[in-house]
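Each value in this text was obtained by applying a stated rule to the coordinates, not by laboratory testing. Model, not experiment: these values are computed from the prediction. Glycine also receives a Cβ, built like all others from the backbone with ideal geometry; neighbour counts cover every protein chain displayed.
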Amino acid sequence: MALGAILGAVFGGVSSAVGTSSQNAQAQAAADRQNKYNRKVYDFQVKEQERQYEYAVEGLEITKRNNEANLQFQEAERTQQYDYGMGIRAYEHNQNMRAWDASVSGAVQQVSFNQLAEQAALVDQDRLIHEQLLSISFNETETLLDYGAAAAGLGLKKRQARGAAATQAQATRIETLKAAGAAQARGAGGRSAARNIQGMVAEAGARQAAIIDDLMYNLEATDQQLYKMNQQLIIDKAGFEMSRESAQMSDVVARTKIQQKVLQANMDAVGRIGLKPEIAPPLPVPLALPRPEYQDVFKPGVPPAPMAVVAMQQNMFSSILGGAMSGAQMGAQVQSSFGSGGGFKPKTSVGSTNWGAMNTSQFTGGFGVAAPGYGGVKF
């Protein structure tokens, strides 16, 4: 039984050592693969983090360019609206000035027309006053001619009356002389002849006196007619003078009315001009749009490298010891199975610990690293 235990211990220790070495190699290979994978993941994460940072920086630059282009477009649009508004302002002012110039030109033409109309009206008025004065002069001349003719007729009538009276008186004297001569020729003498001659002389004197009285009457009547004619001439002259004054006063009134009408027409023409238009105040100059302030993209730091995975290694001594104990127990059991029936069977437990049933985990720490101590057993 001792030999079996020894052989079992040797065989178990060797077998445990070989198994433990294989398990340690596999654990180390797995740890190496895990570390390699972790390193690749770390490098990928660092590169991705750098790419994300560069992507964010590029995105910020694109946002800046887009915002700047948008702001420049808005400023250009506002400048265009400002230029268009200023153009409309200048156009409307030019239109107002054109309308005002047209009203001024129309007023000037109207004033010129009023002046021409005034001159034409004054020419007509000159012609009218000339015709009126000429008509008065014609009437006055005709009156004077009529007066002269009437005065000449009265003078002729006076001369004719004097001539007729002288002729009648001469005829009466001749007849009286003839009658006296005839009486003397008949030879009548004495007082009767003298009385006949005296009678004839007296008759002739009476007839001459009658002729003189008739002449004086005719001359007085003619003088009265001439006096009336002189008075009428004076009245007619006064009437002609008053007609001239009236025509001149009417001419002054007519000229004053012409001037009033021209002045009113000029005032109406000037009143239609209106105030001279003034240009509207300029539009406010568009201000530059405010630029936004950008914060730099946060650049993350490099994370710590991944912690290396350490392969969990089993302690070779504890494995050999455990395998030897297990082999010795197994060898003893086998020995007892083939030995004498009443032989002694030793127990494989020391104290309360069953060494044959222990595994390697009982001899290692909790982190896959062999705990310090003999055989991995914690004391």
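Neighbours of Leu134 by Cβ distance under 14 Å: Lys/Arg scored +1, Asp/Glu scored -1, total -3. Computed from the Cβ-Cβ distance with R0 of 51 Å, the FRET efficiency linking Arg78 to Glu50 stands at 0.75. Averaging 1/r over every pair of different alpha carbons in the range 20-72 and inverting the result gives a Kirkwood radius of 14.5 Å.
So which of Lys64/Lys299; Lys40/Lys299; Lys158/Lys237 end up more than 28 Å apart by C-alpha? If you can, show how the numbers build up before the last one.
Values: Lys64/Lys299 18 Å; Lys40/Lys299 22 Å; Lys158/Lys237 26 Å.
Beyond 28 Å: nothing from the list.
When both the range 109-165 and the range 238-315 are represented by their alpha-carbon centers, they are found 70 Å apart.
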